[in-house]
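See structure below.
The values are calculated or read from the model by the stated rules, or taken from the named source; none is laboratory data. For clarity, every value in this text was computed on a predicted model and none was experimentally measured. Because the Cβ atoms are built from the backbone with ideal geometry, glycine has one as well, and the counts that use them run over all protein chains shown. Side chains are part of the model used for accessible areas, which takes the heavy atoms of the whole protein and leaves out ligands, DNA and RNA. Shrake-Rupley method; radii C 1.70, N 1.55, O 1.52, S 1.80 Å.
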Amino acid sequence: SEAVRIAANTAVSMFWLSPQLKQFGLSDNACPVNLMTSDITSDLITIENDLTIVYGDGTLPGFDCILLFPEQLAPVAAPEIVKKLQTNSNCDLFTLPIAERPVLLNYTRVGPDWINWEIWGNSMQLPELSDWPQVMCKTYTHTIGRAIEGEGIALGSLSLIQDEIKSGQLVRISPLTLTSVKGYYVAYPKGKQPQGAIKLLLDFLLK
């Protein structure tokens, strides 16, 4: 049978979708799956793909969208950074003296709806974040990789990095969480109601 074509951006593919596809591949409903990863939106949103994971508000011309999970962003870091913060100071993370502030791992906003430290800080009414030391990373996934290595604090998309948090590679270091009006949706071309293997994979991802 023909492989199910599913597409997603790098962060979704790496952190959330690949582990899901592995579990699906081990299940009784397993079928061939072809994963296409790209950070170029026009590569993802095409009728060639049976299913596409998209970040947005759930409206996509020519596609039906079903919500997978909302976007929730919170600061995360490796356990050793968290330990250091706890021993150095009893105060809240965002009131730390300058000398004790870990680096914020930031990235360039490619899309207008992407949230980086600046947008997060403004939404949380923490203008003082602009005074923190920052390191620019190549991509969002790069910030998570460097955070795991203990190189600073990343802005974690909590639904995507569930495995890293569960395993203890990353720890939430503040209860402050920005719940965006956007979320992650699974989309398919309008009029092409998923059937057969496509429906089995869709149901698995939504469970």
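Observations on the model:
- Qualifying positions in the stretch 105-123 - buried (at least 17 other Cβ atoms within 10 Å of the Cβ) and not in a loop (DSSP other than H, G, I, E, B): L105, N106, Y107, W117, W120, G121
- Of all residues in the stretch 148-201 being in contact with a Ser or Thr (Cβ under 7 Å, 6 or more places away or on another chain) and of a type in the set (G, A, S), the one that is nearest to V82 (Cα to Cα): A154
- With respect to the conditions (1) more than 14 Å from the chain's Cα centre (by Cα); (2) part of a helix (DSSP H, G or I); (3) not hydrophobic (A, V, I, L, M, F, W, C), P194 falls short on a single one, namely (2).
- In the stretch 124-141, the residues that are within 18 Å of the chain's Cα centre (by Cα) and either open to solvent by 60 Å² or more (accessible area, probe 1.4 Å) or of a type in the set (S, T, Y) (or both): M136, K138, T139, Y140, T141
- Scanning the stretch 24-45 for residues that are polar (S, T, N, Q) and touching a residue at least 24 places away in the same chain (Cβ under 8 Å) gives S27, N29, N34, T37, S38, T41.
- Count of the stretch 30-75 residues which are of a type in the set (G, A, S) and more than 18 Å from the chain's Cα centre (by Cα): 3
- Filtered by the rule that a residue be outside any strand (DSSP E or B) and open to solvent by less than 10 Å² (accessible area, probe 1.4 Å), the stretch 4-58 gives V12, S13, L17, F24, N49.
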